[in-house]
Amino acid sequence: MAILVMLAAAWIIYTNRAARLDLSNDDDSYTAGKSIGLVPASKEIYAEGVGFVDQTIFYQAVVTPEEVAWLANAPEVSRFEAPNHAPWWWSLSLWWHGKNSDMKYFRTNAKWPCLFAYSRQKGLVYGTVELD
């Protein structure tokens, strides 16, 4: 049983590391800038696309409050759980950081259906972008 737990943990860590975008790479830079719409000054952004036809991009980024000031215009919603099809690393991280009392949740359909969670204290933003 311990081996299975270690394998699952190793898989989660591996997929998280593989999801880190290298913003010097043109494809990763395009994903961050055009699909997600966020290129953080920290250059620390993790993203993974899920789905074949109508892909959903799940991302996590280290941001400053100024970089996510646009969230003030997004409708705030009650806490939400990660969608069932979310990558494990994203789901676990959202759950873990969601325990902080300063985590705020947002949902919008302005450009695409999107979910956001932001912790000012941790400087983390979680988001989903459903591409049509």
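In deg cm²/dmol, rounded to 500, what helix-only [θ] at 222 nm does the chain give when every DSSP H run of at least 4 residues adds -39500 (n - 2.57) and the total is split over its residues?
One gets -7500 deg cm²/dmol as the mean residue ellipticity at 222 nm.
Which value results when the Cα radius of gyration for the range 72-132 is divided by 2.2 N^0.38 Å?
1.08
Looking only at the chain, where both bridge partners belong to it, what percent of the DSSP beta bridges are antiparallel (to the nearest 5)?
Looking only at bridges with both residues in the chain, the antiparallel portion is about 100 percent.
How about the range 1-59: which trypsin sites (Lys or Arg not before Pro) there are in a DSSP loop, with at most 14 other Cβ atoms within 10 Å of their Cβ?
LYS43
Quick one: net charge of LEU124's neighbours, Cβ under 12 Å, K/R +1, D/E -1?
0
Provide the net charge surrounding LEU94, with neighbours chosen by a C-beta distance below 15 Å and charges set as Lys +1, Arg +1, Asp -1, Glu -1.
+2
Of (i) 13.4, 37; (ii) 14.7, 47; (iii) 15.7, 50, which one was derived for Rg and Dmax of the Cα atoms in Å from the structure shown?
Among (i) 13.4, 37; (ii) 14.7, 47; (iii) 15.7, 50, the one derived from this structure is (ii).
If the only charges are +1 at each Lys and Arg Cβ and -1 at each Asp and Glu Cβ, what is the size of the charge dipole of the range 2-130 around the Cα centre, to the nearest 20 debye?
That gives a dipole near 380 debye.
For the chain, what relative contact order do you get, as a whole percent, if you take Cα pairs closer than 8 Å and at least 6 residues apart?
Averaging sequence separation for qualifying contacts and normalising by length gives 23 percent for the chain.
Taking amide hydrogens as modeled 1.01 Å from N in the peptide plane, which residues meet the under 5 Å criterion relative to LEU124, leaving out close sequence neighbours?
Those qualifying (amide H under 5 Å, at least 5 residues apart or on another chain) are VAL63, SER119.
None of the figures in this text is laboratory data; all of them are computed from the coordinates on show. Predicted, not measured: the structure shown is a model, and the values here were computed from it. No Cβ is skipped: glycine too gets one built from the backbone with ideal geometry, and neighbour counts run over all protein chains shown.
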